[in-house]
């Protein structure tokens, strides 16, 4: 049994103007020690997916269906009280914006005390601070800085503190939601290296939500490409890089700057993502697809395993094997 | 209690840094100096007053400032200097008490209603907004007339007028803080809503609450003076600047300017002191106004 298995998860935002399916029939598995990269444009549902795993989808979001099975337990069936004991303890979350993710009126050490005492009230403040110091050393921050306030740190250091908080209770799964978006490129690389080395040391599973495909290809074991709330392609990073099948994935790969291409212009994907209040019929990507056919605007493609571990949601893939027959 | 000790230890360098802290810091310092001197004067009044402020006929009736009576006397032959020294006591008590009532009502109600949102938030906001429909002093007079005289009653009637300001400030802050990532991060480490409310939202409100409280202090002083002026304050036997204003108004046509002027100046000074503190603090504590 996999460590984490998400089965046909559906999340909707119930707005006044109608229901928006932010996550539509998403399934995947993740093992400990593995990194899953989730890539997609803004509004593709990748953050909602991350938040729904700890059941903190903001209102008016509702998890409509599916299962999230971690260590054999369906998180969606747990009472809120049990779920709370999982957040921070077994599943940790690193947020996008390190500048505002720490409480400005509390010292760094107080954040750790809060975290530890929430889950283990019997631990003394002194022991919690000792753990804080160890966690800070893990992320490369001087341990005596537990006594500093968040505003005394730079953005990159605050993100390190967020990561230290995330690993503070030795969780099994860390979900990092665009952990480097607010940081400059050098700091980005350092933070990502840090996440990877911590994953290796503590053997946790890592979900890396980002819109940067190059980050994901470089540092993840598996990559899931999302578009309009659905998984359009899921494969190992190596496979996805070598053999992208979905036109959207290919478009994303073509838009990554490549030093070997010289002065060639980057290929952008035309158009913009669909309004999910009124999604297009058939395949959600067809209005922007360069390889569409007549059936694309009518039939909804399903996720098909084209080779072991490589899943694609595209009619083209269903079509071709049929032709072979 | 290492926290408390360090806060007191920080107070002294704090004053030095206020003096260096540009115009806002200096405004706070000047305001505090005014308020502190008036409080000190009021507290020390039993020892520094040359006469019993309530005793009548300590000198000639309605005599202008002289060596014996530096601020003159009123129509009862009471010494105005002694009355100026002690006349702020009631006002200060009323201001402190009303701020206390406002805090214990406005802050928790604002916190709970706005954090939970929905119908509770709408209903409480409607009630609070309806208080704004009345001019403050008129509402305070109406309530004071129902409650009767006395320090606590004055404080209550003034608190009713100012609770909506506390509520509004708390509400606007809660609505902002509620959506900030660190409350979401708190939820993601498994914190309860109660914990988030008390340890994440409330401490971040303190700055704004302090500003509202000091600004409303000045208003409360003026309203308290107004209540006494119209006879809804404390008993006539207690020296109070508000009463002196009432008496002085009657005496002014006959040329006795000193009876109304000195208490009036004191009220203005005290209100000015609190306003300066409030304005300076709001500039210091509100990061968006920083240069």
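Going by C-beta contacts inside 10 Å, put A:8, B:208 in order with the fewest on the left. Intermediate results must be reported in sequence, preceding the final value.
Working: A:8 11, B:208 18.
So the ranking, lowest neighbour count to highest, is A:8, B:208.
At a threshold of 8 angstrom on Cα-Cα distance, excluding pairs fewer than six apart, so keeping six or more, what relative contact order does chain A reach in percent? List each step's numbers first, then the result.
On the way: 606 pairs, mean separation 64.3, N = 325.
Over chain A, the number comes to 20 percent.
Is chain B best put as rounded, prolate or oblate by its Cα gyration tensor, with a ≥ b ≥ c the root eigenvalues, rounded for a/c under 1.5, and otherwise prolate when a/b is larger than b/c, oblate when not? Could you put the intermediate results ahead of the total?
Numbers: a/c = 2.84, a/b = 1.78, b/c = 1.59.
Note, shape of chain B comes out prolate.
Take A:200, A:221 and order them by how many other Cβ atoms sit within 10 Å, fewest up front.
Details: A:200 12, A:221 16.
Least to most surrounded, the residues fall as A:200, A:221.
Where does helix B:89-116 land angle-wise versus the long Cα axis of chain B, in degrees 0 to 90, nearest 10?
20
How big is the antiparallel share of DSSP beta bridges in chain A, given as a percent to the nearest 5?
Rounded to the nearest five, the antiparallel share is 60 percent.
If you fit an axis through the alpha-carbon atoms of helix A:315-324 and take the longest principal axis of the Cα set of chain A, what angle between them do you get, 0 to 90°, nearest 10?
So the inclination is approximately 50 degrees.
Compute the long axis of helix B:22-48 from its Cα atoms, compare it with the longest principal axis of the Cα atoms of chain B, and write down the angle in degrees, 0 to 90, nearest 10.
50
When the helix-only estimate is applied to chain B (DSSP H runs of n ≥ 4, each -39,500 (n - 2.57), divided by the residue count), what is the mean residue ellipticity at 222 nm, nearest 500 deg cm²/dmol?
Mean residue ellipticity, 222 nm, calculated: -25000 deg cm²/dmol.
How big is the gap, in Å, between the Cα center of the range B:199-270 and the Cα center of the range A:99-147?
That distance is 48 Å.
What relative contact order, as a whole-number percentage, does the range B:18-289 give when Cα pairs under 8 Å and 6 or more residues apart are counted?
This gives 28 percent for the range B:18-289.
If contacts are Cα pairs under 8 angstrom and at least 6 residues apart, what is the relative contact order of the range B:11-111 in percent?
20
Convex hull over the Cα atoms of the range B:134-177, averaged projected area in nm²?
Details: hull surface 13.6 nm².
Result: a mean projected hull area of 3.4 nm².
Where a number appears in this text, it was derived from the coordinates with a stated rule and is not lab data. If you're wondering where the values come from, they're calculated on a predicted model, not measured in any experiment. Glycine gets a Cβ as well: all are built from the backbone with ideal geometry, and neighbour counts include every protein chain shown.
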